[in-house]
Amino acid sequence: MMAEKILKLASDNGIMIFSKSSCCLCYAVQILFQELHVKPNIYEIDRDPEGKEIEKALMRMGFSGPIPAVFINGKMVGSTNEVMSLHLSGSLIPLLKPYHQANVS
């Protein structure tokens, strides 16, 4: 049931980050996306009463952690390491291109 909620949020929002409000790695990924001129949707799981269940469901879906869990176009990309690896290899920007905004502040 929780996996369906996650997949719905991920597919309804082009770029979805399941984050924690106090997580510096989550913040770093959000800043990277802002610098690449995309506006991700942020879901702060630590502010949701079901947050622990969401985190467990992410793990059951194959997310190896730690948070943030990043989805692009409804597909799980991974955590900070995977996002940074994609960016360094030049593969992240093409994934983000459909969500590019001229001026993101």
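Below is a table of values for the structure above.
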item	result
Count of the range 37-49 residues which are closer than 15 Å to Ala69 by Cα and either out of contact with any strand residue (DSSP E or B) (no Cβ under 8 Å at 6 or more places or on another chain) or open to solvent by 40 Å² or more (accessible area, probe 1.4 Å) (or both)	5
Phe63 vs. criteria touching a strand residue (DSSP E or B) at 6+ places or on another chain (Cβ under 6 Å) and either aromatic (Phe, Trp, Tyr) or under 13 Å from Ile6 (Cβ atoms) (or both)	yes
Failed criterion for Phe63 (all others in (1) in contact (Cβ under 8 Å) with a residue 12 or more places away in the chain; (2) surrounded by 15 or more Cβ atoms within 10 Å (Cβ to Cβ); (3) not in a loop (DSSP other than H, G, I, E, B) hold)	(3)
Members of the range 4-36 found to be aliphatic (A, V, I, L, M) and open to solvent by 30 Å² or more (accessible area, probe 1.4 Å), listed by number	Leu7, Leu9, Leu25, Ala28, Ile31, Leu36
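Here's the yes/no breakdown for (1) modelled with pLDDT of 95 or more; (2) assigned to a loop (DSSP other than H, G, I, E, B); (3) among the hydrophobic types (A, V, I, L, M, F, W, C); (4) farther than 16 Å from Met2 by Cβ:
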{"position": "Phe18", "(1), (2), (3), (4)": "yes, no, yes, no"}
{"position": "Ser22", "(1), (2), (3), (4)": "no, yes, no, yes"}
{"position": "Leu25", "(1), (2), (3), (4)": "no, no, yes, yes"}
{"position": "Val29", "(1), (2), (3), (4)": "yes, no, yes, yes"}
{"position": "Ile42", "(1), (2), (3), (4)": "yes, no, yes, yes"}
{"position": "Met76", "(1), (2), (3), (4)": "yes, no, yes, no"}
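The values are calculated or read from the model by the stated rules, or taken from the named source; none is laboratory data. Note that the coordinates shown come from a computational prediction; the quantities given were computed from them, not determined experimentally. Heads up, the Cβs are rebuilt from the backbone with ideal geometry, glycines too, and the neighbour counts pull from every protein chain shown. We work out accessible area using only protein heavy atoms, side chains counted, and drop any ligands, DNA or RNA first. Shrake-Rupley method; radii C 1.70, N 1.55, O 1.52, S 1.80 Å.
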